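See structure below.
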Amino acid sequence: MSNTDTGLTPESCAAGSESLLALCRDFREGRMAHATLLTGEAGVGKKTLSHLLAKGLLCSGPEKDRPCGVCRECRRFDSRTHPDALFPAPAPREKTIKIDALRGMIDALSRHSLEGGRRVVVLDNAERMTPQAQNCLLKTLEEGAEDTYFLLTADAETALLPTVRSRCRCIRIAPWTEERIEKELLRRGVAPARARDLSRYCDGSLGRALQMEQDESYWAARDTVRRSFLSVFSLRDVASASALLKDQKDAGDRLLDILEQEIRDMLRGRQRPEGWENAAPRSLRRILDSILTARRQRYFNVGWAAVSDGLLQMISEEASTWQA
């Protein structure tokens with residue numbers, strides 16, 4: 001996948017981040033660090049950026065356009081057939097990256113570059129390395145072979161040994177802003193209303209937004225929340241809302257997550273659903289407390305019907321104060 005396919009050029013990833021901007025500048029000026037560790041929540045673009053940088057280091061296109069995405073080197077990188085691009089990973093049916101995968105990488109690096117130029121090691125999900133594998137990698141990082149670059153990604157720096165981290169340029173990629181995610185979703189052809197909703201609920205993760213966009217069960221759950229919890233304004237409404245929720249036990253946690261996000265959005269001054277225009281902040285905070293109580297009840301195996309009915313009744317009591 002090329003940078004034009006994703007819309008995640010190094011420059012766009014650097015938006016709003018001085019450390020990322022410096023990284024992209026160093027890449028353009030040929031001053032990349034020997035080893036770089038990109039961290040951040042799942043879906044913020046660290047793997048995409050890592051692969052763009054790795055591909056750019058191998059690219060033979062015009063220097064100002066690297067990675068060009070169309071040259072022989074870029075195409076071989078994308079297909080995982082470039083002889084000087086190494087991707088240590090877990091063995092089949094394994095969850096961790098074990099020492100054998102690192103030994104194979106080290107053996108390959110001990111030989112001359114097959115293309116006579118740079119070599120890159122792309123280590124996605126580096127936190128999956130066992131301690132033994134990390135210590136094996138450490139020796140290679142310390143030696144720092146010329147024209148060999150390591151690009152690691154992990155959800156958090158602390159998942160790696162301090163000795164490994166200390167030999168990497170560590171850069172954390174912050175969550176995307178809602179505006180930036182909405183703009184990117186629109187660029188990809190997502191309908192405006194859905195793009196707006198996704199940007200609010202994805203916690204700053206474009207990857208999560210794209211997954212949610214394809215997950216029809218999420219949209220069904222959101223519709224259920226709006227027709228049940230957010231449509232209860234008096235005790236008369238509880239019975240019909242309860243009937244909608246009675247078979248939703250397996251989706252209970254997701255429904256509570258969506259409801260909590262809706263209430264928090266109201267507290268932030270976002271557009272409110274019909275009937276909630278006059279809800280006082282104090283009432284909204286009480287509902288948030290009740291959602292927390294509902295989660296605790298779920299944890300202690302209280303039946304879903306009792307949990308949801310209790311929450312519905314509480315919301316109806318609060319709603320009566322602003323419906324009068």
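With respect to the conditions (1) assigned to a helix (DSSP H, G or I); (2) more than 28 Å from residue 181 (Cα to Cα); (3) of a type in the set (Ser, Thr, Tyr), residue 60 falls short on a single one, namely (1). Selection of segment 219-233 for residues being of a type in the set (Phe, Trp, Tyr), closer than 15 Å to residue 256 by Cα and touching a residue at least 40 places away in the same chain (Cβ under 8 Å) yields only 229. Counting residues in segment 77-93 that are surrounded by fewer than 18 Cβ atoms within 10 Å (Cβ to Cβ), hydrophobic (A, V, I, L, M, F, W, C), at pLDDT below 90 and assigned by TED's automatic domain parsing to the domain that holds residue 139 gives one or more. Here is the figure for segment 105-116: residues that are of a type outside the set (Val, Ile, Thr), surrounded by 11 or more Cβ atoms within 10 Å (Cβ to Cβ) and over 30 Å from the mean Cα position of the chain (by Cα) total 5. Checked against the criterion of being under 29 Å from the mean Cα position of the chain (by Cα), among the small types (Gly, Ala, Ser) and on the phi < 0 side of the Ramachandran plot, segment 260-275 contains not a single residue that satisfies it. Within segment 106-132, the set of residues being at pLDDT 85 or above and basic (Lys, Arg) comprises 118, 119, 128. Looking across segment 202-211, the residues that are in a helix (DSSP H, G or I) and surrounded by fewer than 18 Cβ atoms within 10 Å (Cβ to Cβ) come down to 207, 211. Do we find that residue 81 is under 17 Å from residue 168 (Cβ atoms) and not aliphatic (A, V, I, L, M) in this structure? For residue 81, the condition - under 17 Å from residue 168 (Cβ atoms) and not aliphatic (A, V, I, L, M) - is not met.
Within segment 221-270, the set of residues being under 20 Å from residue 283 (Cα atoms), basic (Lys, Arg) and part of a helix (DSSP H, G or I) comprises 226, 227, 236, 264. One residue stands out in segment 176-199 among those that are surrounded by 18 or more Cβ atoms within 10 Å (Cβ to Cβ) and touching a residue at least 60 places away in the same chain (Cβ under 8 Å): the one that is nearest to the chain's Cα centre (by Cα), namely 176. Mind checking which residues of segment 276-314 are of a type outside the set (Gly, Ala, Ser), more than 31 Å from the chain's Cα centre (by Cα) and either within 20 Å of residue 202 (Cβ to Cβ) or part of a helix (DSSP H, G or I) (or both)? The answer is 282, 309, 312, 313, 314. State yes or no: is residue 50 within 19 Å of residue 147 (Cα to Cα) and surrounded by fewer than 17 Cβ atoms within 10 Å (Cβ to Cβ)? In short, no.
For segment 234-265, the set of residues classified as acidic (Asp, Glu), without any contact (Cβ under 8 Å) to a residue 40 or more places away in the chain and more than 30 Å from residue 180 (Cβ to Cβ) consists of 247, 250, listed by residue number. Taking segment 23-40 as the range and being within 13 Å of residue 126 (Cα to Cα) and either part of a loop (DSSP other than H, G, I, E, B) or touching a Leu at 6+ places or on another chain (Cβ under 7 Å) (or both) as the test, the residues that pass are 35, 36, 37, 38, 40.
Scanning segment 113-140 for residues that are over 14 Å from residue 94 (Cβ atoms) and of a type in the set (A, V, I, L, M, F, W, C) yields 114, 120, 121, 122, 123, 126, 136, 137, 138. What is the one condition in (1) at pLDDT 85 or above; (2) out of contact with any helix residue (DSSP H, G or I) (no Cβ under 7 Å at 6 or more places or on another chain); (3) of a type outside the set (D, E, K, R) that residue 12 does not satisfy? Here residue 12 meets the rest and fails (1).
The values are calculated or read from the model by the stated rules, or taken from the named source; none is laboratory data. Fair warning: this is a prediction, and the values are worked out from it, not measured in the lab. Heads up, the Cβs are rebuilt from the backbone with ideal geometry, glycines too, and the neighbour counts pull from every protein chain shown.
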